[in-house]
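All remarks here apply to the structure that follows.
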Amino acid sequence: MKVFVIPSWFPSSSKPHYGIFIKEQLELLANERPGWRIGVCTWGQGDSGKLLWAKDHLFNLKKVLRHSREKPSIKQISPNLTHYYQPALSWTKRIKGGNLANTIRASEQNFNKFKTQYGSPDILWVQASYPGAFIGNYLSKKHHIPYVVHVRFGGFMFENLLKDVGKKKYEFLENINKSNKVTVTSKSQLESLRGYIPETTVISNPVDTDFFSVGASQDERILAIGRFEKEKGFDILIEAMKDVNSNLTIIGTGSLLKSAQTQVARLGLKKKISFVGELDRLEVKRLIQGCNFLVLPSTYETFGNVLLEAMSCGKPVVATKCGGPEEIVSAGSGYLCEPNPEDLAEKLNLMISNRLTFNSGKIRGEIDAKFSPAIWAEKIEELFKSVVSG
């Protein structure tokens, strides 16, 4: 199988965590299917050096000059996984679609390099829908190759994206629905998108079970991981911690980080809650393996990858009922609660009291049975074969 992947999100030098889960999943797939040839199309997704802002004329000029000197590249990540990079600038979607036409041209150049190296791909795999669905539809029609779109937005996030794409709203939806198959990550995400995308298949995310291995607790600290954005619910978690007798470490950054730090100071919780910013994956694993348990306080999640990572390490979890977690957390792996400070505090205290009743081996066993790379890769292969065979 030859697969050309078009990820709307992907790590860059300026944003190494942007779409990191897509990159990691592609590496898992390449490892599980060594006979496949997988090409990844990149043009500077998430790179602040490729994004022009309307009022930053001086910085824009510097970015344009750097861009003019930048050369495309091909990077072999593993024997069967190749990154193709053709730089493209972008700006607000309200002006010429955010330079979408140039992004499509850059993607086709990457496509042609893959084709030269391995032959025409059997399938185009769009990861996250904007601008990937536009690129996938264009390449599919021109080169007569089927394409699959994996939508990673859900609910209100999808509605906000539709507002942002402006006049291209209906074309955007068409480019998703014209694909040969649309997939989502969870049943709750599927339900939230029914008004937009009628036919979908659920394929849950995997977790790297070799990397996230069982480790013994080293302290009584609670751990939380995520972006400091409204839907991640860190304000709810901080409020709940007033009534919890434990320390909390939060990994991550985002637009609401300063607001969260101010809230902690206002509530007098500086000795109880610490912020450690963004960390590399090895350090994240170390903190997961060393924590007492993990908490996910979101108000909305299409899935909840951090829950898989913690459970793969044998850790129990506390998570809000916000979509994805209800399909991950069982009675044997943790507690679910409503996304409010009172219920969250109650479940955190319950976990502190009952932590030792949870068996790390059984928690890990749930992950192996449902979310291992081998199981996920089998589902992806079945999906691709059904699309290719028509």
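Read-outs: derived from the displayed coordinates by stated rules, not from any lab. Everything numeric here is computed off the predicted structure, so don't read it as measured data. For neighbour counting, all protein chains shown are included, and Cβ atoms are generated from backbone atoms with ideal geometry for every residue, glycine included.
Quick check on the chain: take the gyration tensor over C-alpha atoms, sort the square-rooted eigenvalues as a ≥ b ≥ c, and tell me if it's rounded (a/c under 1.5), prolate or oblate.
Note, shape of the chain comes out prolate.
Computed across the range 222-370, the Kirkwood radius stands at 15.1 Å (inverse of mean 1/r, all Cα pairs). Helix content alone sets the calculated 222 nm mean residue ellipticity of the chain: runs of n ≥ 4 DSSP H residues at -39500 (n - 2.57) each, divided across all residues, give -13000 deg cm²/dmol.
Based on C-alpha pairs under 8 angstrom that are at least 6 apart in sequence, the chain has a relative contact order of 13 percent.
Mean-square fluctuations from a GNM of the chain, with a 10 angstrom spring cutoff on Cα atoms, peak among T262, T299, T185 at T262. For the peptides 226-239, 13-26, the ranking by mean Cβ contacts within 10 Å, running from highest to lowest, is 226-239, 13-26. Placing +1 on the Cβ of every Lys and Arg and -1 on the Cβ of every Asp and Glu, with nothing else charged, gives the range 222-370 a dipole about its Cα centre of roughly 540 debye. For the listed peptides 371-380, 276-285, 320-329, a ranking on the average number of other beta carbons within 10 Å per residue, highest first, reads 320-329, 371-380, 276-285. For C337, list long-range residues whose amide hydrogen, built 1.01 Å from N in the peptide plane, is under 5 Å from its own amide hydrogen. Residues meeting the criterion, in which the H sits 1.01 Å from N, are A319, T320, K321. Fewest-first ordering of V387, V149, V182, V202 by other beta carbons within 10 Å of each residue's beta carbon gives V202, V387, V182, V149.
Taking Lys and Arg as +1 and Asp and Glu as -1, the other residues whose beta-carbon sits under 12 Å from that of Y196 total -2.
First check a/c for the range 336-388, with a ≥ b ≥ c the square roots of the eigenvalues of its C-alpha gyration tensor; if it is under 1.5, answer rounded, and if not, answer prolate when a/b is larger than b/c or oblate otherwise.
Judged from the Cα gyration tensor, the range 336-388 comes out oblate (a/c at least 1.5, b/c at or above a/b).
Taking a Cβ cut-off of under 14 Å around S73, the surrounding Lys, Arg, Asp and Glu residues balance to a net charge of +2, with basic ones at +1 and acidic ones at -1. Near S129, the amide H atoms lying under 5 Å from its own belong to R152, F153; only residues 5 or more places off or on other chains count, and H is placed 1.01 Å from N.
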